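The values are calculated or read from the model by the stated rules, or taken from the named source; none is laboratory data. The structure displayed is predicted, hence computed values, not measured ones. A quick note on method: Cβ atoms are made from the backbone with ideal geometry, for glycine too, and the neighbour counts reach across all protein chains shown. Heavy atoms of the whole protein, side chains included, go into the accessibility calculation; ligands, DNA and RNA do not. Shrake-Rupley method; radii C 1.70, N 1.55, O 1.52, S 1.80 Å.
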Amino acid sequence: ELVREFHRAFGLDARDVPSEVSPELAAHRGELLAEEAREVAEVSVTGPLDRLAHELADVVYVAYGTALVHGIDLDAVIAEIHRSNMTKLGPDGQVSRRADGKVLKGEHYEAPDVAAVLRRQGWVPSEEA
């Protein structure tokens with residue numbers, strides 16, 4: 001709702017139903033996200049922690065804005081990603097990790113069904129329209 005308030009105040013796009021946007025707007029949103037991600041990458045090594053927190057929040061803010069531009073309820077999508085990620089944990093509680101510590105998908109992993117989440121939000125894929 002905070003990001004929606006920002007978009008309204010500044011006359012930026014905001015949709016209520018998941019929708020495709022113009023290639024120009026999509027590219028612009030991608031550039032904004034890339035810019036914020038670069039800033040996180042830079043400060044994550046050099047700090048300080050308050051600047052890292054600021055840059056991380058900027059990434060999230062711009063990501064929520066991009067979702068809003070597309071009419072996506074990002075909280076619902078995140079919940080589905082979380083549900084899927086939790087299936088990486090085996091029934092025996094075992095976790096499979098890569099050498100760098102990244103949690104890997106095990107045999108019980110269930111991929112997220114983001115399309116179903118978007119359909120519940122009113123999205124009709126272009127091939128069905």
Any trypsin sites (Lys or Arg not before Pro) in the range 23-129 that lie in a DSSP loop and have at most 10 other Cβ atoms within 10 Å would be Arg98, Lys102
Once you have the Kirkwood Rh of the range 53-129 from its Cα pairs, apply Stokes-Einstein at 10 °C and 1.306 mPa s and quote D in µm²/s.
108
Using a Gaussian network model of the chain with C-alpha springs under 10 Å, which one of Leu25, Leu12, Leu104 is most mobile by mean-square fluctuation?
Leu104
Given a 1.4 angstrom probe, I'd like the percentage of the accessible area of the chain that is carbon and sulfur, rounded to a whole number.
57
With the contact rule set at Cα under 8 Å and sequence spacing of 6 or more, what percent relative contact order holds for the chain?
27
Classified through the alpha carbon gyration tensor (a ≥ b ≥ c as square roots of its eigenvalues; rounded if a/c is under 1.5, else prolate when a/b is larger than b/c, else oblate), the range 1-43 comes out oblate
Residues of the range 52-74 with amide N under 13 Å of a point placed 7 Å along Cα→Cβ from Arg120
73-74
Relative contact order, percent, the range 64-129 [alpha-carbon distance under 8 Å, six or more residues apart]
32
Sites matching GluC sites (Glu not before Pro) across the range 72-129 that sit in DSSP coil, with at most 15 neighbouring C-beta atoms within 10 Å:
Glu107, Glu110, Glu127, Glu128
Starting from the Kirkwood radius over alpha-carbon pairs of the chain, derive D by Stokes-Einstein at 20 °C in a medium of 1.002 mPa s and give it in µm² s⁻¹.
126
Report the Stokes-Einstein translational diffusion coefficient (µm² s⁻¹, integer) for the range 5-78, Rh taken as the Kirkwood radius over Cα pairs, at 4 °C with viscosity 1.567 mPa s.
98
For the range 3-63, what is the accessible area per residue in Å², given a 1.4 Å probe and the full set of protein chains?
68
Please identify the longest segment of the chain free of exposed chymotrypsin sites (Phe, Trp or Tyr not before Pro), where exposed means a DSSP state other than H, G, I, E or B and no more than 15 other Cβ atoms within 10 Å.
11-108
Vicinal HN-Hα couplings computed from phi for the range 67-84 (Karplus, 6.51 cos²θ - 1.76 cosθ + 1.60; Hz; Gly/Pro x):
4, 5, 4, 8, x, 9, 7, 5, 4, 5, 5, 4, 4, 5, 5, 4, 4, 4
Once phi for every residue in the range 9-24 is put through the Karplus expression 6.51 cos²θ - 1.76 cosθ + 1.60 (θ = phi - 60°), the whole-Hz ³J(HN,Hα) values, with Gly and Pro written as x, are 4, 9, x, 8, 4, 7, 10, 9, 10, x, 8, 6, 10, 4, x, 5
With labels modelled as points extended 7 Å from the Cα through the Cβ direction, what inter-label distance (nm, one decimal) is found for Glu128 paired with Glu42?
4.3
